[in-house]
1. Only Cα pairs under 8 Å and at least 6 apart count here; give the relative contact order of the chain as a rounded whole percent.
2. Label points 7 Å out from Cα along the Cβ direction at residue 276 and residue 290: separation in nm?
3. Identify which of 299, 47, 218 has the largest mean-square fluctuation in a Gaussian network model of the chain, with springs joining Cα atoms closer than 10 Å.
4. How tilted is helix 314-330 with respect to the longest principal axis of the chain? Cα atoms for both, answer in degrees (0 to 90, nearest 10).
5. How far apart, in nm, are the 7 Å Cα→Cβ label points at residue 359 and residue 409?
6. Nearest 10 degrees is fine. How inclined is helix 138-153 to the longest principal axis of the chain, computing both from alpha carbons?
7. Counting Lys and Arg as +1 and Asp and Glu as -1, what is the net charge of the other residues whose Cβ lies under 13 Å from the Cβ of residue 269?
8. Let's test the formula: R0 of 30 Å, r as the Cβ-Cβ distance of residue 395 and residue 93. What FRET efficiency results, to the nearest 0.05?
Amino acid sequence: MPDHLPQDAGEKSLWGATAIANPVTHRLEESLQADVLIVGGGYTGLSSALHLAEQGVSVVLLEAKSIGFGGSGRNAGLVNAGVWQNPDHVNARLGEASGTRFNQALRDSPELVFELVRRFDISCDANRSATVNIAHSRSGMTYLEDRCQQLQALGAAVELIDGARTEAISASPVYCHGGILDPGAGTIHPLNYVRGLAKAALEQGARIFQESGIESLSRQDDRWLATTSGGRVSADQVIIATNAYADENSEQVRKSTLPVFIFQCATEPLPADVAAGIIPQRQGLWDTQTLMTSSRIDSSGRLVMSSAGNLRGLQGAIRQNWMRRTRDRLFPQAAGTAWEYQWSGQIGVTSSKILRVQLLAPGVFAPAGFNGRGIGPGTVIGKHLANTIVSGNRDDFPFPIEALYTEKWPRLRAGSINYATLALQFLNKRLK
Ligand SMILES: Cc1cc2nc3c(=O)[nH]c(=O)nc-3n(C[C@H](O)[C@H](O)[C@H](O)COP(=O)(O)OP(=O)(O)OC[C@H]3O[C@@H](n4cnc5c(N)ncnc54)[C@H](O)[C@@H]3O)c2cc1C
């Protein structure tokens, strides 16, 4: 059974080390027919597969490595609503009517995630304990006040909270400026959630093959034909859900986003009294700093923190040290604890900072560019794509279906962002 842990060389992922079993599937070694072929076994691909299979559509999903090898097995596990950008930014780019449909479709995305967890009994430490976007300063709070107003105008049940409340929620002396609390959001074990989606999709009749990356996709006899090293699949429609992990065989999608790195560090399990004193109600937190930091406590009482950058070579030591100093400032209760796990992953960033559902050719959809928020959006888009394919009516699809967009110099620009974050993290050390 293939099990490529979602981590890069030299890394040690907390999620990989604590995951439920990867569903048993095989490499594709045959020729198959399907109504829909899905490429990529992350949230987007598996939500599509699950919702299609539930409606009786014949589905084959091909994953190049293992389920959750991409962002879906590596992320911070904060199940947030909406997208990073404010609703007004989305409206400005998509137009008022289209932007409002887009924002509303993602407003309740945590509801769908937690509903699937319940319905399919997915064992992923799901905790709908809220998430809080925390201001790191007065100016951060000014930004959040405006964001909160926009979210409330959209009908989101979010609440602006004051500094005393954010300090009590986080138990951090630094987080004393306030924030936005979303009571419908929460946290999950991200790899377990995606493995649970795969198990549910299999139970509904989807055929899933791991270690079966597509090597070509071409048009033959009015159908799409994908080949792997061992087999082939012919299908009427295709969903390419490879996002930031698109390999050279899904080159068009690969060039449609900037693959920007995020890294995470997790402590060893903290002593029970210390763990109970940090984020005591177990909300997921992320802040407004330029180098955004997210923090949460996992089910074993580990403090898990994330920020921008990769851990390759010497960068790993610089970033882990920076994260240690950040942790000790934010949560002095955990000072002196060792990092037990550290790992990284790529997010698909777009110039517009808004995800795109692209149509590469008639019947070939490629959602990409989640810009670091894909648990809810990937799950929601997968469901809507499935419904649209079943109904054949694109009018009900709440996202614009756009032509393929190619970013200029995506790898070079992602590399520049990576080194810019490294410089900030390194200078922070020097200036202290
Ligand atoms: C470190 C980190 C922290 C994050 N934190 C959060 C968070 O807290 N909350 C949140 O909402 N989002 C977060 N995100 C973003 C979120 O993880 C992603 O947006 C989401 O996982 C994207 O899911 P996906 O299914 O579209 O793509 P992926 O999960 O990346 O899946 C793509 C899959 O395609 C496969 N593939 C590639 N090429 C081929 C091929 N030729 N043939 C077959 N398969 C192929 C890959 O192996 C991969 O498994 C974070 C991301 C990272 C990296």
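None of the figures in this text is laboratory data; all of them are computed from the coordinates on show. No experiment lies behind these values; they were computed from the predicted model shown. Counting neighbours? That spans all protein chains shown, and the Cβs are built from the backbone with ideal geometry, glycine included.
1. 24
2. Label-label distance for residue 276 and residue 290, simple model: 4.1 nm.
3. The residue with the greatest mean-square fluctuation here is 218.
4. 50
5. Modelled inter-label distance: 3.3 nm.
6. 40
7. -3
8. 0.90
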